[in-house]
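The values are calculated or read from the model by the stated rules, or taken from the named source; none is laboratory data. The shown structure was predicted, so the numbers you read here are calculated from the model rather than taken from an experiment. No Cβ is skipped: glycine too gets one built from the backbone with ideal geometry, and neighbour counts run over all protein chains shown.
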Ligand SMILES: [Fe+2]
């Protein structure tokens, strides 16, 4: 496994680059905008292909690299379903898995620092965001923070992991890099409390100043969505009402780009074919399945995903590969469901 802990010194943020092998798919957790060039350089040097960028929560102390990484690599952006960001490509709930080639993270909803905070468990380690820090815990006094919820996330979720689970937080201000669940249970001063009320009292008396970047970072981090005006101006977007008339049309192939886990949880538009976004380059390129299908039948591709980001990138890739009649569903399955579009359980 390739595992890199990367540091951003202004906000003391740790980001994590993961891959199962050189030359394979990679995932990054909590990337910082100012370090995007560095990540891309390292990803290139290790011969990796970035396919997913994940934030543990909406950060207040730095601007996320999610949007820039998506624009540069066409990777999938991932956050929890509670995040109030305008658009991410994929949203996860407690227990969902986030997969790349050879590796999987399990999402654990751990609210308290913010109401959208997630931790991610991967085999022998857990990425705790700002929920559990080394000898500390994330503040709970803004962004819908809630010390009571954090106590529950800590004591009833994270501390239930095996003692030797490695703890990788989103920040450290002292220079520590890693801890374990057992070590934190024994030595983290915030965890030496006898009740939830004790914990709430400690968290209520921290009197911390707001992060310097907060007024800039939070609004910026709520707007990570891809700008899709250009795609719309080129006539490559379809509204849900237009797509309704295309369901069952023999001249159209509805292509679902989501991962299998998302399909299982949310269903699909009737009559869809499944072609995961991660394999789309091969699929729409000359010799690829979708490319040849279009060439042989003259059918039009209509891509969709969860919120319209992956499909917007897919329609660009298809157009670049010469599939000129390709379109995508603006707003994805989310918009489709909100406008009353029919959904069936996903096949496979
Ligand atoms: Fe935070």
One residue from 333, 301, 323 being buried (at least 17 other Cβ atoms within 10 Å of the Cβ), modelled with pLDDT of 95 or more, in contact with a helix residue (DSSP H, G or I) (Cβ under 8 Å, 6 or more places away or on another chain) and part of a strand (DSSP E or B): 301
Conditions (1) away from the ligand (no atom under 14 Å from the Cβ); (2) under 18 Å from the mean Cα position of the chain (by Cα): number failed by residue 30: (1)
Residues of region 114-137 satisfying the condition of being within 15 Å of the ligand (Cβ to nearest atom), in contact with a helix residue (DSSP H, G or I) (Cβ under 8 Å, 6 or more places away or on another chain) and assigned to a strand (DSSP E or B): 119, 128, 132, 136, 137
Some residue of region 94-106 being crowded, with 24+ Cβ neighbours inside 10 Å and either free of Cβ contacts under 8 Å to residues at least 12 places away in the same chain or within 16 Å of the ligand (Cβ to nearest atom) (or both): no
Checking residue 245 against (1) touching a strand residue (DSSP E or B) at 6+ places or on another chain (Cβ under 7 Å); (2) farther than 27 Å from residue 80 by Cα, the condition it does not meet: (1)
Selection from region 112-132 of residues that are in contact (Cβ under 8 Å) with a residue 24 or more places away in the chain and surrounded by fewer than 24 Cβ atoms within 10 Å (Cβ to Cβ): 115, 116, 121, 122, 124, 125
Among (1) under 25 Å from the mean Cα position of the chain (by Cα); (2) touching a residue at least 12 places away in the same chain (Cβ under 8 Å); (3) within 16 Å of the ligand (Cβ to nearest atom), the one test that residue 157 misses: (3)
Where residue 54 falls short, out of the listed (1) more than 16 Å from the ligand (Cβ to nearest atom); (2) within 23 Å of residue 152 (Cβ to Cβ): (1)
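Conditions (1) away from the ligand (no atom under 12 Å from the Cβ); (2) touching a helix residue (DSSP H, G or I) at 6+ places or on another chain (Cβ under 6 Å); (3) outside any loop (DSSP other than H, G, I, E, B); (4) modelled with pLDDT of 95 or more, marked per residue:
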| position | (1), (2), (3), (4) |
| --- | --- |
| 67 | yes, no, yes, yes |
| 78 | yes, no, yes, yes |
| 82 | yes, no, no, yes |
| 112 | no, yes, no, yes |
| 139 | no, no, no, yes |
| 143 | no, no, no, no |
